[in-house]
Amino acid sequence: MNKPLMTCTSALVVLLAVSAAAHHSPVMFDRSKKQTLSGTVKEFAWTNPHASIQLDVPGPEGQAGIWGVEMNSPNNLVKQGWRSNTIKPGDKVSVVISPLRSGEHGGAFVSIKLADGRVLGDKWTEDIEK
C-alpha cells in the first residue's frame, strides 16, 4: 500500500473510532441521579443502535412536556424480556431515568413499570420512585 493511501486510511479509522466513542459516551447522563417520569407513551422506537421512548409527561402546572428516553439496543432489550410491542402509544407507564446533565427533558433508561404492574430494567424499588 502506498504511503498517502495508508495515511488516509489510518485517519479514517481514527475518525470512525472517535465518532463511535462520542456516540456512545455516557457523559451526557448523570448516572448518580435517578428521576421518575409518569406519563403516556407518545412513541416507542424499536431501532438500532438504541431503542427509545418519547413520553408525554404532565408538568407541575398541568402543561405536558415530551421527554426522550434513550435505551439499549433491541438485541440487548430482547435478552431483558422486551419485545417490539411491549409498549405502544397511549400506554400509561412510569419510567426511571438517569437525567441529562444539561437539564433538558431526557435521560438514559433505568427501568419501567408497565400499566399491568410488570417491571423491566433494573429492579424497581420505592426508593427510586421518590
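The values are calculated or read from the model by the stated rules, or taken from the named source; none is laboratory data. None of these values were measured; they are calculated from a predicted model. Cβ coordinates were reconstructed from backbone atoms using ideal geometry, including for glycine residues, and neighbour counts include every protein chain displayed. We work out accessible area using only protein heavy atoms, side chains counted, and drop any ligands, DNA or RNA first. Shrake-Rupley method; radii C 1.70, N 1.55, O 1.52, S 1.80 Å.
Can you pull out the residues in the stretch 39-97 that are among the charged types (D, E, K, R) and touching a Pro at 6+ places or on another chain (Cβ under 9 Å)? Lay out the reasoning, then the answer.
Here is the first cut: in the stretch 39-97, the residues among the charged types (D, E, K, R) are 42-43, 56, 61, 70, 79, 83, 88, 91-92.
Hits for the stretch 39-97 are Lys42, Glu43.
Just to be sure I understand the filter: pairs with C-beta atoms under 8 Å, separated by 6 or more residues or on different chains, first member in the stretch 17-40 and closer than 27 Å to Gly117 by Cα, second member open to solvent by 90 Å² or more (accessible area, probe 1.4 Å) and modelled with pLDDT under 90. Which pairs pass?
Hits for this filter: Thr36/Lys130.
For the stretch 71-124, name all the residues that are open to solvent by less than 60 Å² (accessible area, probe 1.4 Å), touching a residue at least 24 places away in the same chain (Cβ under 8 Å), touching a strand residue (DSSP E or B) at 6+ places or on another chain (Cβ under 9 Å) and farther than 20 Å from Lys42 by Cβ.
Gly81, Ser98, Trp124
For the stretch 41-65, which positions are touching a strand residue (DSSP E or B) at 6+ places or on another chain (Cβ under 6 Å) and either loosely packed, with under 15 Cβ neighbours inside 10 Å or without any contact (Cβ under 8 Å) to a residue 12 or more places away in the chain (or both)?
Within the stretch 41-65, Glu43, Ala45, Pro58, Gly59, Ala64, Gly65 meet the criteria.
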